[in-house]
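The values are calculated or read from the model by the stated rules, or taken from the named source; none is laboratory data. All figures in this text were calculated on a predicted structure; none of them were measured in a lab. We place every Cβ from the backbone using ideal geometry, glycine too, and count neighbours over all the protein chains shown. Side chains included, ligands, DNA and RNA excluded: accessible areas come from the protein's heavy atoms. Shrake-Rupley method; radii C 1.70, N 1.55, O 1.52, S 1.80 Å.
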Amino acid sequence: MDIQAVLFDLDGTIIEPKQGIVNSILYAVKEFGLKENHPQSLTEFIGPPLQYSFKNRYNLSDGDAKEVVRLYRIYYADKGIFECHLYPQMLELIKKLFEEDIFLALATSKPIGYADQLLKHFELDAYFEFTAGAELDGTRTDKIEVIQYALDHIPPFEADQILMLGDREFDIDGGNFHNLQTAYAQWGYGDDAIVLKSKPDLILKQPLDLLVNLDL
C-alpha cells in the first residue's frame with residue numbers, strides 16, 4: 001500500500017466512548033419517558049447515526065427520534081463528551097503517521113463541533129488537518145456522505161492512497177463505496193461476523209498493527 005492519507009473514525013477507533021454514550025442514552029430515554037431494560041447492549045449505538053439507532057431500538061417515529069437525540073445531547077454536551085479515554089497505542093500511532101507526513105483527517109458520524117472538542121481535549125488537534133462529521137441538525141450522518149465531505153476538502157490524493165480506518169461495517173462500507181483502502185479496527189465495537197462481510201483490506205488487532213502493514 002502507498003498510503004498518503006488516513007481517515008479516522010472517532011468513537012470505537014480513537015477513543016473508548018462507552019461510559020459517556022451510555023450515560024447520555026439513559027438520560028435521554030428516561031427524560032422522554034421510555035424504559036431501557038438492557039443497558040449492557042447499548043454499545044450498539046457506538047458508530048451509527050444516533051437518530052437511526054434511537055428510531056430502531058425504541059420503534060420511534062422520525063420526529064420522536066429527533067427529540068430523543070436532542071435530550072441525549074443535553075447530557076452529552078455537559079458531561080458525556082469527556083466520559084471517555086484514548087485507546088492504548090493510539091497516541092503513538094497518530095504521532096508516527098504524522099511524523100511520516102501522512103495526511104490525517106477525521107471521518108465521523110459525530111457532530112463536527114463535538115469531534116473537534118475531543119481532539120483538543122486529548123491534544124490531538126495538532127495532528128489532524130481536517131474534521132469531516134455530521135451537523136447538529138442531523139444532516140451528513142451517513143458515513144458515505146461523511147467520507148465524501150472529507151474527500152471534497154482534503155488534498156486530491158488518488159483513492160487507493162487513502163485509508164479509511166474504523167471499527168464498524170459503516171466505516172468499511174463507506175470506504176469501499178469511494179474505492180478507498182479500508183482497515184478494520186478490531187479493538188472497537190464491530191462484530192467480526194458482520195464487519196468481515198464488508199471485506200476490509202486490513203484487519204488490525206491493535207492500533208500499532210497499522211504501522212506494520214504500512215511498513216512504517
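Within the set Asp142, Asp152, Asp160, the sole residue that is farther than 23 Å from Leu50 by Cα, open to solvent by 60 Å² or more (accessible area, probe 1.4 Å) and touching a residue at least 60 places away in the same chain (Cβ under 8 Å) turns out to be Asp160. Lys120 meets the stated requirement of being open to solvent by 60 Å² or more (accessible area, probe 1.4 Å) and closer than 30 Å to Asp209 by Cα.
Can you pull out the residues in segment 197-209 that are open to solvent by 70 Å² or more (accessible area, probe 1.4 Å) and closer than 15 Å to Asp173 by Cβ?
From segment 197-209, those open to solvent by 70 Å² or more (accessible area, probe 1.4 Å) are 197, 199, 201, 203, 205-206; that's our starting set.
Lys197, Lys199, Asp201 - these are the residues of segment 197-209 that are open to solvent by 70 Å² or more (accessible area, probe 1.4 Å) and closer than 15 Å to Asp173 by Cβ.
For Phe103, the conditions (1) under 16 Å from the mean Cα position of the chain (by Cα); (2) over 24 Å from Asn23 (Cα atoms) are fulfilled apart from (1).
For Arg70, the conditions (1) open to solvent by 40 Å² or more (accessible area, probe 1.4 Å); (2) assigned to a loop (DSSP other than H, G, I, E, B) all hold with the exception of (2).
Which residue is surrounded by the most Cβ atoms within 10 Å (Cβ to Cβ), if the candidates are limited to segment 173-188 and must be among the aliphatic types (A, V, I, L, M) and farther than 15 Å from Ala150 by Cα? Walk me through how you get there before you give the answer.
Just the residues of segment 173-188 that are among the aliphatic types (A, V, I, L, M), to begin with: 180, 183, 185.
Then drop every residue that is not farther than 15 Å from Ala150 by Cα, which leaves 183, 185.
Values: Ala183: 28, Ala185: 30.
The extreme case among them is Ala185.
Pairs meeting the criteria (first residue in segment 53-65 and closer than 15 Å to Gly138 by Cβ and open to solvent by 40 Å² or more (accessible area, probe 1.4 Å), second residue in a helix (DSSP H, G or I) and among the aliphatic types (A, V, I, L, M), beta carbons under 6 Å, at least 6 apart or on different chains) are Lys55/Ala65. Filtering segment 166-215 down to residues that are in contact (Cβ under 8 Å) with a residue 60 or more places away in the chain and among the polar types (S, T, N, Q), which residue is nearest to Phe98 (Cα to Cα)? Among those residues, the one meeting the criterion is Asn213. Residues in segment 93-117 that are part of a helix (DSSP H, G or I) and open to solvent by 20 Å² or more (accessible area, probe 1.4 Å): Lys95, Lys96, Phe98, Glu99, Ile112, Gly113, Tyr114, Asp116, Gln117.
Among the residues making up segment 1-23, those that are outside any loop (DSSP other than H, G, I, E, B), under 17 Å from the mean Cα position of the chain (by Cα) and under 22 Å from Leu71 (Cβ atoms) are Asp11, Lys18, Gln19, Gly20, Ile21, Val22.
Would you mind stating whether Leu34 is without any contact (Cβ under 8 Å) to a residue 60 or more places away in the chain and part of a helix (DSSP H, G or I)? Outline the logic, then answer.
Values: without any contact (Cβ under 8 Å) to a residue 60 or more places away in the chain: yes; part of a helix (DSSP H, G or I): no.
Spelling it out, it is not the case that Leu34 is without any contact (Cβ under 8 Å) to a residue 60 or more places away in the chain and part of a helix (DSSP H, G or I).
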